[in-house]
Each structure stands twice: as C-alpha cells, then as structure tokens.
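Each reported figure results from applying straightforward, stated rules to the coordinates on display, with no laboratory input. Because the structure is predicted, anything quoted here is derived from the model rather than measured. Cβ: placed from backbone, ideal geometry, glycine included. Neighbour counts: every protein chain shown.
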Amino acid sequence: MYFDSTGHNDEQSILNELTLADRFNNAEVIGRNDGKKGGHHDVKLFDFASLTAATNGFSTQNKLGEGGFGPVFKGVLPEGEEIAVKRLSKNSEQGLEEFKNELILIAKLQHMNLVRLLGCCLKKDERILIYEYMPNKSLDKFIFDPTRRESLDWTTCYKIIVGIAQGLSYLHTYSRLPIIHRDLKPGNILLDVDMNPKISDFGMARIFDRNVSEIHTHKSAGTYGYMSPEYWLKGNFSEKSDVYSFGVILIEIVSGKKNSNLFNSEEYHMNLVGYAWKLWKERRTIDMIDSTLKDHESSRPQILRCIHVGLLCVQDKPMDRPTMSNVIQMIANEAMPLPDPKNPVAYFTGQNLNELNSSGRKEECYSVNGVTISEMEPR
C-alpha cells in the first residue's frame with residue numbers, strides 16, 4: 001500500500017526540502033531556470049506498516065545485503081510485486097545526505113540500464129527507498145564466484161558490458177541533468193531476471209556542468225580499485241572518472257579476476273589493470289581471458305577487442321580516455337580502428353606504493369576489496 005505525497009506534513013516537509021535542493025541544483029549547475037517544477041511531487045510514499053509486513057518485519061531472512069547507507073531487504077507487496085527495500089541506518093548523518101542525494105537524482109532518471117526507484121518512506125526517523133527487485137543480485141556475485149561464473153557465457157557477458165556502457169552514456173550525455181556516478185563497481189551493477197544490468201546506488205553521484213571539464217573535491221568517495229588516479233590522488237573527478245571505473249569492470253568481467261589482486265613479474269607487483277596492459281604489450285592478451293570464455297573461439301576477436309577498449313578506458317590521463325558514447329561505438333563497430341592504449345598507472349613496487357601514500361593526500365578512510373572509501377582530505 002502506498003499513498004500520494006499530499007496531506008502528510010512530516011513526509012511533505014522532507015519532499016519540499018528535496019525539491020528546493022533540486023531547484024538549487026538546476027540553477028547552480030545548469031546556470032538557468034527553465035521553469036520546470038521539481039520532480040518529487042510524483043514520488044510515491046509507502047506506508048511504513050506495509051513495508052514492515054512486506055519484509056516480514058525487516059527479518060534477517062529477508063536481508064539482501066548491507067552497505068554504508070544501511071541494510072537492504074527483499075519485500076513482497078500484497079499484490080505480489082517483489083521489491084528491494086533500502087533502509088537508512090538510524091543516526092547516520094552521512095547516510096541521510098546520501099538518501100537525499102539519491103532521491104533527488106534517481107527520481108528523475110529513466111533508462112532500462114538504471115535501477116528503477118518505486119518510491120520512498122519518510123516517517124518520523126525512518127528513511128527508506130523502495131526499488132524494483134533484481135533477482136540475480138549484483139554482478140560481483142557472478143564474475144568472482146567460481147560456481148556462478150560457469151553460467152556466464154560470452155553472449156551474456158557482452159550484453160552486460162554493453163548495458164553498463166549504455167546506462168553510463170545516458171547519465172553523462174542524455175539525461176536532463178548530466179550525472180557522474182562516482183562509485184561504479186560490480187557490487188553496484190544489479191542483474192534482472194534476464195541478466196540485463198542496471199546501475200544502482202546513486203548516493204555519491206553528482207550533477208555536473210557540461211561546460212566544466214573537471215571538478216575538485218576535498219572529500220573523495222569511491223571504492224579502491226575502481227577510482228581513477230586523478231580522483232584517488234588529487235580529488236579531481238569528471239565523467240572520465242566513471243569511464244575509468246567502467247574500464248576496470250570490463251577487464252574484470254573478461255578475466256574473472258579482481259583489480260585489487262596483485263600479479264607478480266620479475267620487476268613489478270601490479271594490479272589487474274597493469275597486468276592486462278603488460279599482456280597486451282607482449283601480444284598475449286588472450287591470456288587475460290577467463291577459462292570459462294576461452295572455448296568461445298568464434299567470439300574471441302570480440303573478446304580481445306573488449307579488453308582493448310577496457311585498456312583505453314583506464315589510461316592515466318582523463319583526456320586520453322574515450323567518452324562512453326565513443327566506447328559504445330568502439331565495442332559495436334568491429335571495423336572501427338582503435339588507438340594503442342597508453343601505460344596505465346598500475347605498476348607498483350614497494351617504493352612506489354610509499355610514494356603514492358605520501359603524495360600529498362591524507363587518507364582518512366580507505367578501502368580494500370570492495371569496501372567504500374568515505375573521505376580523504378588534503379594535507
């Protein structure tokens with residue numbers, strides 16, 4: 001059961017706050033007021049009691065997972081519709097800001113490769129977002145699990161890669177408000193019943209001005225292994241930061257390995273991105289392909305091309321990386337010539353790691369193996 005946002009003072013006051021913030025963003029970022037009203041009056045407000053019933057009292061048996069925002073539960077509405085219920089942890093100031101941010105942004109977005117927001121619950125101290133339920137959960141559960149990995153043929157992998165690219169291209173170029181996700185990773189790519197990918201978790205996303213090439217922040221947010229070098233080390237981000245994250249994910253999908261893993265050679269310890277570039281340079285890119293995909297000989301040129309595109313996405317300088325619209329063209333048009341990728345910032349020795357750690361940015365909170373970085377400040 002849900003009800004409209006009129007006539008409920010507590011809920012309406014928060015929606016009004018969100019609408020005011022949204023209008024501020026429109027004026028501040030776009031630089032003009034086009035007269036359109038904020039998009040939150042049509043957001044459906046769910047009754048807390050109905051969500052409690054749908055999730056069996058937010059039981060642990062219904063729990064799908066938990067992140068910095070709070071736990072996520074599976075629910076079933078009286079009419080049989082399955083939902084994902086994202087409940088803000090109480091007394092989480094950071095979570096409240098992410099809640100507002102996600103509601104402002106995703107309520108305006110409509111694309112087949114973005115997770116669909118069904119509504120929210122704003123009752124006293126409860127802050128809940130309700131999404132469509134994704135039965136196959138997140139991409140990381142497939143590409144990094146040896147058993148479930150077996151079910152991923154190349155046709156499915158290719159569909160996932162293209163779908164993520166199309167979702168990002170929409171965010172950067174075709175949505176009314178251009179958006180940088182800032183925390184793209186396999187755990188934030190959800191899969192529907194047909195294995196179509198949907199980008200989720202917009203709590204750290206930011207609206208950007210298409211006339212501004214780069215934004216600087218003193219509080220970086222993201223996940224180690226997927227953050228671009230300029231964002232991780234200097235706090236600079238742009239749509240090319242998302243392109244970098246996409247490139248990492250693409251290489252992980254094809255290889256079945258995490259970028260946080262280290263690969264040894266005679267001279268270097270390197271992450272997956274560095275290892276992929278090394279193999280490409282040595283004309284051994286085929287060695288990057290996961291064993292579950294190596295039997296797809298007819299698809300091998302397409303697989304190798306995807307690795308090549310992934311390496312173009314993870315180049316050190318943002319200006320060298322393609323846009324997501326270009327990425328889609330590169331993947332789809334096999335006759336389109338591809339430039340040689342430049343060496344990514346991915347080679348690490350012990351000395352280099354120490355240099356990175358003393359490069360002028362103090363890490364207040366960082367992550368390894370999929371835990372989200374919450375804040376880094378300059379010295």
Could you give the radius of gyration (one decimal) and Dmax (whole number) of the Cα atoms in region 111-189, in Å?
15.3, 48
So how much slack lies between Arg283 and Lys137, counting 0.36 nm per residue of separation and subtracting their Cα-Cα distance, in nm?
49.0 nm
Could you give the length gained by full extension between Arg176 and Asp340, i.e. 0.36 nm per residue of separation minus their alpha carbon distance, to one decimal place?
55.7 nm
Neighbour-count ranking for Tyr224, Tyr275 (other C-beta within 10 angstrom, fewest to most) reads Tyr224, Tyr275
Over 29 Å between Cα atoms, which of Lys240/Lys294; Lys159/Lys281; Lys123/Lys159; Lys198/Lys258; Lys124/Lys198 qualify?
Lys240/Lys294; Lys123/Lys159; Lys124/Lys198
Separation between the Met319 and Phe58 pseudo-spin-labels, each 7 Å from Cα along Cα→Cβ, expressed in nm?
5.0 nm
For region 124-138, take each phi angle, set θ = phi - 60°, evaluate the Karplus expression 6.51 cos²θ - 1.76 cosθ + 1.60, and give the result in whole Hz per residue in order, putting x for glycine and proline.
6, 9, 8, 10, 9, 10, 10, 10, 4, 7, 10, x, 8, 6, 9
If you add up the charges near Lys185, with Lys and Arg at +1 and Asp and Glu at -1, over every other residue whose beta carbon is less than 12 angstrom from its beta carbon, what do you get?
-3
Please arrange Ser260, Ser255, Ser59 by counting, for each residue, the other beta carbons lying within 10 Å of its beta carbon, fewest first.
Ser59, Ser260, Ser255
Using Cα pairs under 8 angstrom and six or more residues apart, how large is the relative contact order of region 99-227, in percent?
30 percent
Which residues qualify? For Phe263, with a placed amide H closer than 5 Å and at least 5 residues away or on another chain, they are Met270, Asn271
If amide hydrogens are placed 1.01 Å from N in the peptide plane, which non-local residues have theirs closer than 5 Å to the one on Leu114?
Ile199
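Give the order of His269, His172, His181 when sorted by the count of other beta carbons within 10 angstrom, beginning with the fewest.
Neighbour counts put them in this order, fewest first: His269, His172, His181.
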³J(HN,Hα) computed for each position of region 280-287 - Karplus, 6.51 cos²θ - 1.76 cosθ + 1.60, integer Hz, glycine/proline x
5, 4, 8, 6, 10, 4, 4, 5
